[in-house]
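Since every read-out is calculated from the coordinates, none of them should be taken as a lab result. Just so it is clear, the structure is predicted and the values come from calculations on it, not from any experiment. Please note: Cβ atoms are built from the backbone with ideal geometry, for glycine as well, and neighbour counts cover all protein chains shown.
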């Protein structure tokens, strides 16, 4: 059989399998019954090693970057941990899409840090100099009663929408045949309509489409001409192959031609990520985007659809295009991403943001970072201002969590007591949080240091802490993590029910409903 017919046969077979409803192949969903998975082995990479981007693995026609879970590290062997600080939230809504349809997601779809960072947290933060405020509290680990969990919240300041700079937006819209589905192009059109309604006459919108080739539909139309923009968006139809790389090149050329000094220059790529003409593999696309990121134009990615999602491509594009990646599963998510959190998702206040944690070996025996596996950096990269890292928008919450084994816990040391007797011979500090960032458009970085002492270990923790622990534990369940320990769906639910907080927008309650759906699936 020649290659052409092999490909056609494979496509037909994939469609037949996906039409069976559940799509729960043994290799994808064996963790529901507790069976071990082939990719569940702990990573042997040391913290000093950077994580390379690999071509994604396929699950029922969808492709995800492989995640080798962070392992427990002894502080005496490696006391410093460095990673890129970035806020993507695509994993949460993608996981929700699976569970709402009655299925469990592939384990690599569950990027735990993105699930945690999907939510806003309630406690007020004190801002002084710089764009960040940092808060830390430590409590009992949901996984191991002999260990603790550190919750580090890094937040940027809210800015009134009236004070936002004008935007030069280029919509890069996938109109290929793969977008011909109710949850793809039609939902995309609804989502962009919500964004257009927030624009004013000082903003500009350009539209580039791509299928077999790219085309410019609009070139720098004022945001005040909403009917012109919306007519162009709503007139689009789907058909043809997917020349995504050509579309990216065209969009960057247009965005750079219309560059707005002092403004927000951003390409918004809306697609299922299924590139099949021209450059289409992860490494080549990474190289293409990396060449463009110094142009001052940011690239954000909106993912849509079911069945052929190239999550690996979309995550890679956003990571290397100085933007973020969101998955839109319904109009409510579109409202959250493109309206309610417009500033956080489209207006950057800090470039190349890196986090580094140094642990005090006198007080901390071991640590394990929760998530961020695909954001790891070499420790030496922290002070290297040429090393690309994450971008963070205004009003954004970024949460770092790591499980700690404290020294001398078996000697009866009362870490939450705050007494001098509990600290003799060990010093006051557990670890130091370091944030390095650049002001937008600048080449030299700035540094923020935040020492964390025993005073951060609390006997009664906040609702923010408890809620984040619930989401972290849920991520472990979805990934069938070897570190799941004591976490069960019942205590994950209990933690969530007791920590709903203010819940502006109702997102925590929606999470609670998803947990209940998950419980029904695994108990079926």
Tell me, how many Å apart are the Cα centres for the range 280-345 and for the range 451-490? 28 Å
Projected label distance in nm at residue 455 and residue 202, using a 7 Å step from Cα toward the beta-carbon: 4.2 nm
Approximate spin-label separation residue 145-residue 213, in nm, with each point projected 7 Å along Cα-to-Cβ: 6.9 nm
Pulled fully out, how much extra length does the chain show between residue 231 and residue 194, if you take 0.36 nm times their separation in residues and subtract their Cα-Cα distance? 12.0 nm
Note to self: C-alpha centroids of the range 107-162 and the range 178-234 sit apart, in Å, by 34 Å
Ellipsoid semi-axes in whole angstrom, largest first, where each is sqrt(5λ) of the Cα gyration tensor of the range 164-346: 22, 19, 16
Could you bin all the Cα-Cα distances of the range 59-148 into 10 Å bins starting at 0 and give me the percent of pairs in each, rounded to whole numbers? 11, 31, 35, 20, 3
Modelling each spin label as a point 7 Å along the Cα-to-Cβ direction, I'd like the residue 126/residue 257 distance in nm, to one decimal. 5.2 nm
Highest-first arrangement of 472-480, 318-326, where packing means the average Cβ count within 10 Å: 318-326, 472-480
Compute the length gained on full extension between residue 283 and residue 442: take 0.36 nm times their separation in residues and subtract their Cα-Cα distance, giving the result in nm to one decimal. 54.5 nm
Multiply the residue gap between residue 502 and residue 488 by 0.36 nm, knock off their C-alpha separation, and tell me the result in nm, one decimal place. 2.5 nm
What is the range 164-346's relative contact order, in percent, from Cα pairs under 8 angstrom and six or more apart in sequence? 26 percent
